[in-house]
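Q: What follows is a single structure, and I will ask about it in a moment.
Since every read-out is calculated from the coordinates, none of them should be taken as a lab result. Please read all numbers here as calculations on a predicted model, not as lab measurements. Neighbour counts are summed over all protein chains in view; Cβ atoms, including those assigned to glycine, are modelled from backbone coordinates with ideal geometry.
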Amino acid sequence: MTEPLISLRNLSKHFTMDRDLLGRTTSVLKAVDDLSLDIYPGETFGLVGESGCGKTTVGKLLVDLYEPTAGEIVYDGVDLAGLPRKERRRYCRDIQLIFQDPYASLNPRMTVGDIIAEPIRVNRLQPADQIDDRVGYLLNAVGLSANYRNRFPHEFSGGQRQRVGIARALAMEPKLIVCDEPVSALDVSIQAQVLNLLDDLSEEFGLTYLFIAHGLNVVKHISDRVGVMYLGKLVEVAPKRELYRNPLHPYTRALLSAIPVTNPAHRTQRVLLEGDVTSPIDPKPGCRFASRCYAKGECTGCACDDEMPPLVEVSPGHFVACYLHPGTR
Amino acid sequence: MTMPDAMNTTAAGSSAAGAHAANAANAADAAGAHAATPSERPIILDVKGLSTDFVMKRGTVHAVRDVDFNVHAGEVLAIVGESGSGKSVASLSILQLLQAPGRVVAGEVCYRGRDLLALPKREMRDIRGNHISMIFQEPMTSLNPVFTIEDQLTESIRTHMGLDKKAASERAIEMLRLVGIPSPEKRVKEYPHQMSGGMRQRVMTAMALSCDPDLLIADEPTTALDVTIQAQILALLADLREKIGMAVILITHDLGVVAESADRVVVMYCGQVVEEATAQTLFERPLHPYTLGLLASIPGMEDTETDEQLYMIPGMVPNPLNLPPGCAFAPRCTFCIEQCKSEMPPLVELEGGRKLRCFVDVTAESAGPAPTLPDEPTGPAPTLSDEPTGPAPASPVESAGPAPTSTDSGEASA
């Protein structure tokens, strides 16, 4: 097997919610908790989970918008988390982010050309006289006319703005792009256009994606492998087909059953989860999913309430963290 | 759940107020609802020729253009379309909640025989929230941040049901319990910011349902929510419809949600109805190119074995200030013929209550786009004829489909 492009090892990000009089932490939000993950070159890794499960935090840790509380981010043989900030920036050029909201992530006072040129200028990636050509090339690459460079973001529709965001990420010649719900703010017909564009670009530029989404249906189309997150933990990781055909974790099954059908004749009884996502603040010991788990009674003698099950490989490439599977016990 | 109690409270409330004739009728409909199919029940809302304009400095946007649809008692009607298709404006027009510069310029909205557009403000206020209520799109912005959930819920209960403060508060707690909020006695004292998105959506739902409406308009009720919460809310709406027998207009851009819960579907594009059909027939045999495109471009519906590209509808929704002269979808349509560019296709009623606004028979050559049409008069000729089955696509076997005129193309697609 090839070497992973980037490895997250026991990565954690905790936020302090409350301190006592002496400044000691009394309450902690564990956004990402002891998470390990490898992403291989050229693949699209889909990261799925509900809001508040920490998937965006993982993305932000990768692009150095957050500093991890513990753990390593190994890229190119170097632990980025251990480097001083200045040196880290050199590596972080290779990892770029596409934001969720195309309306909020572009500066309304800058022209589209300036927005795309800024990272090139700041990082001195091109001689000044070639920046213009590069911007035109990038605009064409994302399916926009190079003449649009002098327009402002408000003149574009949501789908076009998202293309500008993609061009801006491409400007850095990244190896890995973290796509944080890039299509969830878009209409269905535009979603398809942007997803296809991302697909084309990955071939053209040899990109690797970490694709973050809250539903399994978008990820199903674009990903090679999928990881399901729940409250800061990965609960299942598997190649796409394996995951959709043979979901093992009760939470994955619930997510799959929440995908709306396309044929009214196939309306089925769903696995409905009770309640909301539990709060990640001061989580109880035991499986994070235990409070909403409908399969909890199925195994006897499981330590669901006492200890988080470890993520173990139950078949090649298929990892699951649930005591229902003999390998985890 | 405690629905019988809730019904009792309502009955008591309405006899006290003495102004709940429609709710009584509603209950009668509900009783008959299980016997008849949705289309056989009485029509409670009939929208005819509704047009809404926004007059602005830059020009006039015809946000809703001559829209017709009706809702039967106890039925779920889905209105589907992308942003800017006029689906939300249509629903706001029904309730007369439009803000300037929006204005209804033509049409009528008949609710149980009364034209809502002609009603005086006072009477309209009695209908809103009481007989027809609405769940707004964004649960984050539609609740008032400076009032408790109780304040906001009891306001409409007290106004419409004439209950005193204590009874209204009990009813509010009852409703919160009904929508599945745990420990409602405690949550009712909280402010909106103390609740999660899903909880706020439930509060909105509770508010809309608190006066046992006859018709609920749900504008993107699940768009801002996580998939698992979305499934919960949809299940809740289906459950409540069964129990109270209310009709629902479900406004959404998500065809998955439609497939999940609608009886009938109206597809809108650029302010017009382009197709109307029962959910079953629409998903099995979409006839309008736009519907075809929408269905094909939903991600995650295709077989996992294929890694083909998603279908995309080329181009973008046209600028509403500058709509094409003919069919609004023509510039993006792969089936477009010359006539489409200059002439607006009429909305034609086909067999089985289906309606379609298209000159072209998309089922004729399912193999490829832009079918070449034969010039023979019996075929799906692209001529505007006045007969009801006019540009009806020659259609094969299905009885629910349009008029079966036998042509080569019909046989080909069969």
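Q: Can you tell me the dipole magnitude for chain A around its Cα centre, using point charges on the Cβ only (Lys, Arg +1; Asp, Glu -1), in Debye to the nearest 20?
A: On the way: 37 positive and 41 negative charges, 78 e Å.
In total the dipole reaches around 380 debye.
Q: Could I ask something else about it? By a straight-distance test (C-alpha under 24 Å), which lysines pair with B:Lys121 as possible cross-link partners, with residues fewer than eight away in the same chain excluded?
A: Qualifying lysines at Cα under 24 Å: B:Lys48, B:Lys87.
Q: Name the shape class, rounded, prolate or oblate, that the alpha-carbon gyration tensor gives for the stretch B:3-266, where a ≥ b ≥ c are the square roots of its eigenvalues, rounded holds for a/c under 1.5, and otherwise prolate holds if a/b is larger than b/c and oblate otherwise.
A: It comes out rounded by the Cα gyration axes.
Q: While we're looking at this one, here's another question. How charged is the neighbourhood of B:Leu163? Take every other residue with its Cβ under 11 Å from the Cβ of B:Leu163, and add Lys/Arg as +1 and Asp/Glu as -1.
A: +2
Q: By DSSP, what percent of the beta bridges with both residues in chain A are antiparallel, rounded to the nearest 5?
A: 60 percent
Q: Suppose only helical runs count, i.e. DSSP H with n ≥ 4. What mean residue ellipticity at 222 nm does that imply for chain A under -39500 (n - 2.57) per run, divided by all residues and rounded to the nearest 500 deg cm²/dmol?
A: That comes out to -8000 deg cm²/dmol.
Q: How big is the Rg/Rh ratio for the stretch A:1-73, C-alpha atoms only, Rh by Kirkwood, two decimals?
A: 1.07
Q: The stretch B:178-227 to the stretch B:73-112: how many Å between their Cα centroids?
A: 22 Å
Q: Right, next: Counting Lys and Arg as +1 and Asp and Glu as -1, each charge on the Cβ, what is the dipole of the stretch A:105-173 about the Cα centre in debye, to the nearest 20?
A: 200 debye
Q: Related question: Exceeding 24 Å between C-alpha atoms, which entries from my cross-link table qualify? They are B:Lys189/B:Lys243; A:Lys55/A:Lys284; A:Lys220/B:Lys355; A:Lys60/A:Lys175; A:Lys233/B:Lys186; B:Lys165/B:Lys186.
A: With Cα atoms farther than 24 Å apart: B:Lys189/B:Lys243; A:Lys220/B:Lys355; A:Lys233/B:Lys186.
Q: Please give me, ordered by residue number, the trypsin sites (Lys or Arg not before Pro) of the stretch B:40-139 that lie in loop per DSSP and have at most 11 other Cβ atoms within 10 Å. All intermediate terms of the calculation are to be shown ahead of the outcome.
A: Working: sites: B:Lys48, B:Lys57, B:Arg58, B:Arg65, B:Lys87, B:Arg103, B:Arg112, B:Arg114, B:Lys121, B:Arg122, B:Arg125, B:Arg128; in loops: B:Lys57, B:Arg58, B:Arg112.
Those satisfying the criteria are B:Lys57, B:Arg58.
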